[in-house]
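J.: Let me give you the structure first, and then I'll get to my questions.
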Amino acid sequence: MIASGHAGVVSILAASPEDQELFVVERQMNGASRRRSVVMIVLAALALAACAGDDPTNLARVVGGDVPQNSLNPAGPTAAKVDSLFWMVLWIATVIFVLVTVALVFVVFRFRERKGRSRTVRQLHGNTRLEIAWTIIPAVILAAVAVPTISTLFEIRAAPDPEDNALEIEVIGHQWWWEFRYPEYGFTTANEMHIPTGRPVYLTLTSADVIHSFWVPRLSGKRDAVPGRLTNILMEADEPGTYIGQCAEFCGLAHADMRQRVFAQTEAEFAAWALAQTEPAALPTEGAAAAGWETFQTQCTSCHAISGTSATSQLAPNLTHFASRTSFAGATLDNTDDHLRQWLRNPSSLVPMWPERNDLAAGRILGMPDLGLTEQQISELVAFLRTLE
Ligand code: CUA
């Protein structure tokens, strides 16, 4: 008879006096249980805060620390600009929050209803000075936030000075992997980007299909890759290291598996890597690897390229130096034989994709299909891919 919420209100209208009494009792109990709930929530929050002491995800470590995708732990000048903007806005917002909250609490207590005092307070209308003040002050605050925000937005995507000797990389988003082209060197790679430290890197982004967003939080801000448009962003790493990023714009089934790894290297290491990437593939001539190359030519070349060979399609990642990469499948899977075998058996078992909708003639790819390879073909293909250093 006495239901909770809306139905309860409807049913109580038709209820007997006993029921109505019960309703009141229940209301009081609800009040008590609500208070109990609040106490429980506060206790749970305190317990969680206490447990978080050794937890690597606790706030102190997130703000200070070694979390791979922490934009509050910038590793280069572009990311540092974004970070300092964040703190500036946070501090301004904090000061305003504290002032407003203190004023609110003061007014609530100072002017609360008290016994023996008139309920009506003195009414004020049309105080010109006050109205001008509360128009100008927020306008000044907003300008103080907007000017550095907009100038930073322009700064981090402005073309660098020629004397900065920036490295240019073309970034193309695909469902669901990143293509990186190094026009200065003339090679193309996928999912893993190598950059030299202490040198600005100027990215020019676009997309082959839908909107993606390139984001390596410790090295730069977020920038959309939009089909039919070119966008830019600067990034730079102060120290050698591996920096993890991910697509930051929902782009379909495997959006969550569309990641990227950026390897910042010393100038000499980077030059050696880039030189090796410009080499065409050395094709195997005997053994399982050679058999794998035969299979590759019949099964894989409608999508994948290997430079220096007849395989030139750009629909899927360029595999010229596949064995030199630490990962594949949108930088989601470590480049191990086990992962590779399972991938070749059934790619969609590792990453959600929709290869049934591929339309090669239209240049549209929604993932690698299950090619129905035999175990022997898979072993030979793995042997072949391992020669692509
Ligand atoms: Cu690409 Cu999300």
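The values are calculated or read from the model by the stated rules, or taken from the named source; none is laboratory data. The shown structure was predicted, so the numbers you read here are calculated from the model rather than taken from an experiment. Heads up, the Cβs are rebuilt from the backbone with ideal geometry, glycines too, and the neighbour counts pull from every protein chain shown. Just the protein is used for accessible areas: all its heavy atoms, side chains included, with ligands, DNA and RNA removed. Shrake-Rupley method; radii C 1.70, N 1.55, O 1.52, S 1.80 Å.
J.: Within region 231-248, track down each residue that is open to solvent by 20 Å² or more (accessible area, probe 1.4 Å), within 16 Å of the ligand (Cβ to nearest atom) and among the aliphatic types (A, V, I, L, M).
T.: Taking region 231-248 as the starting set, the residues that turn out to be open to solvent by 20 Å² or more (accessible area, probe 1.4 Å) are 232, 234, 236, 238-242, 244, 246, 248.
Of the ones still in play, those that are also within 16 Å of the ligand (Cβ to nearest atom) are 244, 246, 248.
Result: Ile244, Ala248.
J.: Could I ask something else about it? Being out of contact with any Pro (no Cβ under 9 Å at 6 or more places or on another chain), modelled with pLDDT under 95, farther than 26 Å from Val89 by Cα and not aliphatic (A, V, I, L, M): is that true of Pro162 here?
T.: yes
J.: A further question follows. Does region 153-166 contain at least one residue that is within 16 Å of the ligand (Cβ to nearest atom), within 23 Å of the chain's Cα centre (by Cα) and touching a residue at least 40 places away in the same chain (Cβ under 8 Å)?
T.: The answer is no; no qualifying residue exists.
J.: If I ask for residues that are open to solvent by 100 Å² or more (accessible area, probe 1.4 Å) and under 24 Å from Val140 (Cβ atoms), which ones from region 93-118 would you list?
T.: Phe97, Leu99, Leu104, Phe106
J.: For region 171-199, enumerate the residues that are of a type outside the set (S, T, N, Q), surrounded by fewer than 20 Cβ atoms within 10 Å (Cβ to Cβ) and either in contact with an Asp or Glu (Cβ under 6 Å, 6 or more places away or on another chain) or outside any strand (DSSP E or B) (or both).
T.: Arg181, Pro183, Glu184, Tyr185, Gly186, Gly198, Arg199, listed by residue number.
J.: Now, a different point. Just give me the residues in region 249-259 being assigned to a loop (DSSP other than H, G, I, E, B), aliphatic (A, V, I, L, M) and either open to solvent by 70 Å² or more (accessible area, probe 1.4 Å) or more than 7 Å from the ligand (Cβ to nearest atom) (or both), in sequence order.
T.: Result: Leu253, Ala254.
J.: State whether one or more residues within region 177-190 are within 15 Å of the ligand (Cβ to nearest atom), in contact (Cβ under 8 Å) with a residue 24 or more places away in the chain and over 26 Å from Glu267 (Cβ atoms).
T.: Going residue by residue through region 177-190, those that are within 15 Å of the ligand (Cβ to nearest atom) are 177-180, 190.
This time we only want the ones that are in contact (Cβ under 8 Å) with a residue 24 or more places away in the chain, so: 177-179, 190.
If we keep only those that are over 26 Å from Glu267 (Cβ atoms) as well, we get 177.
Yes, region 177-190 contains at least one residue that is within 15 Å of the ligand (Cβ to nearest atom), in contact (Cβ under 8 Å) with a residue 24 or more places away in the chain and over 26 Å from Glu267 (Cβ atoms).
J.: Which residues, counting only those in region 290-312, are without any contact (Cβ under 8 Å) to a residue 24 or more places away in the chain, open to solvent by 20 Å² or more (accessible area, probe 1.4 Å) and not in a helix (DSSP H, G or I)?
T.: Listed by number, the residues that qualify are Thr301, His304, Ser310, Thr312.
J.: Could we say that Ala264 is open to solvent by less than 50 Å² (accessible area, probe 1.4 Å), away from the ligand (no atom under 15 Å from the Cβ), out of contact with any Lys or Arg (no Cβ under 8 Å at 6 or more places or on another chain) and not β-branched (Val, Ile, Thr) here?
T.: yes
J.: In region 347-389, which residues are touching a residue at least 12 places away in the same chain (Cβ under 8 Å), touching a Lys or Arg at 6+ places or on another chain (Cβ under 8 Å) and over 19 Å from Glu294 (Cβ atoms)?
T.: Correct list: Arg364, Leu366, Asp370.
J.: Somewhere in region 202-213, is a residue over 30 Å from Ser348 (Cα atoms), in a strand (DSSP E or B) and either without any contact (Cβ under 8 Å) to a residue 12 or more places away in the chain or within 16 Å of the ligand (Cβ to nearest atom) (or both)?
T.: yes
J.: What are the residue pairs meeting all of these: first residue in region 247-273, first residue within 30 Å of Arg357 (Cα to Cα) and hydrophobic (A, V, I, L, M, F, W, C), second residue outside any loop (DSSP other than H, G, I, E, B) and open to solvent by 10 Å² or more (accessible area, probe 1.4 Å), Cβ atoms under 7 Å, and 6 or more apart or on different chains?
T.: Pairs found: Cys247/His255; Met258/Trp177; Met258/Gln246.
J.: Filter region 333-379 down to residues that are over 19 Å from Ser302 (Cβ atoms) and in a helix (DSSP H, G or I), then give me how many there are.
T.: Looking only at that region, the number is 11.
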